[in-house]
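Written below as structure tokens is the structure these notes are about.
The values are calculated or read from the model by the stated rules, or taken from the named source; none is laboratory data. Quantities reported herein were computed from a predicted structural model and do not represent experimental measurements. Virtual Cβ from ideal backbone geometry, glycine too; neighbours counted across all protein chains shown. Quick note on the areas: whole protein, heavy atoms, side chains included, nothing else; ligands and nucleic acids left out. Shrake-Rupley method; radii C 1.70, N 1.55, O 1.52, S 1.80 Å.
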Amino acid sequence: MRNVVIVGSGCAGNTAAIYTARANLSPLVVSGHEAGGQLSLTTLVENFPGFPEGVNGPDLVAAIKKQAENFGAEYMHGAVIEADLSKRPFRVNVEGEWIETRTLIIASGASARWLGLDSEQKLIGHGVSSCATCDGFFYRGKKIMVIGGGDSAMEEANFLSRFGSEVTLVHRRDQFRASKIMLERARSNPKIKFLTSTVVEEVQDIGRQLVTGVRLRNLATGAVWEQEVDGFFVAIGHIPNTAVFRGQIETDADGYIISKGGARTNIPGVFHAGDVQDRVYRQAITAAGAGCMAAMEAERFLEAEGH
Ligand code: NAP
């Protein structure tokens, strides 16, 4: 029987592990499918406080994990495939092994939705990004492309127009999901050009391990052409990793956990941390802060129960 099981090993989960380990609660962290979370998909992180020269994303998350291990946090490979939160102790099934716990911190994050092109996947971190706030700065004076037709795409295009020489927004339809105000803001931005009814067929150049351009297709006319691009930002939404808790933890229609104040969920003893609940800020630093909050609440919960 564990005191604390933490689901997810990104910034939120690892920070929750530091705090609960220092509180002598011997946390168990279930690493999940994407160990290290979204930071492990980035390169240089320049906005995490304390690193004036910036820090490599994977190194940062590895350092936070090491810090947690130094205080006695245990890590387990694998993902939670099933959970029973109907009674205490809670039970989670990690790839066949059932684990019982008094408290649970869900820090399983949200995965960026990708187009799914082989070329896109191979160039993640080499010009392909899912985070304008993280990587926009690297494309000063460069040609940027943003994919998507929702608020995220508009927001990212506007943000990236501060850096790029031009921003091309590519959307597969000619109708937008984005709110009117966000769409208008992007439309009135002289640096942003719109390509509608257009899809990306290939991101180039895998051979050089660097984004140099894209091949596009207009769905209305069938025209295919190539365009030079330096930074390729995919903003077609995120998928919160809450499927295994569905029907037990209260979520909104998109699957994000609904907070009941602080780090609390609808189930006492189960806490949330990071992007699994946060669709707005989604930063490493806010996830770390949320991990700290969840840990402190788990600690208080256990203390109140006499453990
Ligand atoms: P979203 O609203 O679900 O929009 C996703 C966009 O990506 C859609 O335009 C969709 O096209 C496109 N898309 C999805 N899969 C695609 C694919 N495989 N290939 C090409 N295009 C694809 O997601 P979001 O923009 O991330 O927004 C999520 C939520 O957060 C929304 O409720 C939004 O309002 C909110 N949000 C708010 C703000 C703000 O107010 N500041 C900022 C960001 C997000 P289709 O339209 O054709 O389906």
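Restricting attention to region 141-155, and to residues there that are charged (D, E, K, R) and more than 8 Å from the ligand (Cβ to nearest atom), which single residue is surrounded by the most Cβ atoms within 10 Å (Cβ to Cβ)? Looking at residues that are charged (D, E, K, R) and more than 8 Å from the ligand (Cβ to nearest atom), I get 143.
Considered as a group, the residues in region 126-140 that are within 15 Å of the ligand (Cβ to nearest atom), among the hydroxyl-bearing types (Ser, Thr, Tyr) and in contact with a strand residue (DSSP E or B) (Cβ under 7 Å, 6 or more places away or on another chain) include one that is nearest to residue 283 (Cα to Cα), and that residue is 130. If the condition is being basic (Lys, Arg), within 22 Å of residue 138 (Cα to Cα) and within 15 Å of the ligand (Cβ to nearest atom), then region 194-222 contributes no residue at all.
Okay, residues lined up against (1) more than 10 Å from the ligand (Cβ to nearest atom); (2) farther than 21 Å from residue 135 by Cα; (3) touching a Ser or Thr at 6+ places or on another chain (Cβ under 9 Å):
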| site | (1), (2), (3) |
| --- | --- |
| 162 | yes, no, no |
| 170 | no, no, yes |
| 174 | no, yes, yes |
| 180 | yes, yes, no |
| 184 | yes, yes, no |
| 188 | yes, yes, no |
| 192 | yes, no, yes |
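The numbered conditions (1) without any contact (Cβ under 8 Å) to a residue 24 or more places away in the chain; (2) under 20 Å from residue 114 (Cα atoms); (3) more than 13 Å from the ligand (Cβ to nearest atom) are all true for residue 225 except (2). Is it the case, given these coordinates, that residue 208 is at pLDDT below 95 and either closer than 22 Å to residue 4 by Cβ or open to solvent by 50 Å² or more (accessible area, probe 1.4 Å) (or both)? Here the answer is no, as residue 208 does not meet what is asked. Annotation: of all residues in region 230-244 being within 16 Å of the ligand (Cβ to nearest atom) and not in a strand (DSSP E or B), the one that is surrounded by the fewest Cβ atoms within 10 Å (Cβ to Cβ) is 237.
For region 156-178, the tally of residues that are open to solvent by 40 Å² or more (accessible area, probe 1.4 Å) and within 22 Å of the chain's Cα centre (by Cα) stands at 2. Restricting the first member to region 164-179 and to residues that are in the same structural domain as residue 215 (by TED's automatic domain parsing), and the second to residues that are in a strand (DSSP E or B) and modelled with pLDDT under 95, no beta-carbon pair is closer than 9 Å while six or more apart or on different chains.
Residue 174 meets all of the listed conditions (1) under 30 Å from residue 303 (Cβ atoms); (2) not in a helix (DSSP H, G or I) but one, namely (1).
Residues in region 208-216 include at least one that is over 12 Å from residue 120 (Cα atoms) and assigned to a strand (DSSP E or B). For region 262-274, state whether one or more residues are within 16 Å of the ligand (Cβ to nearest atom) and more than 14 Å from the chain's Cα centre (by Cα). No: region 262-274 contains no residue that is within 16 Å of the ligand (Cβ to nearest atom) and more than 14 Å from the chain's Cα centre (by Cα).
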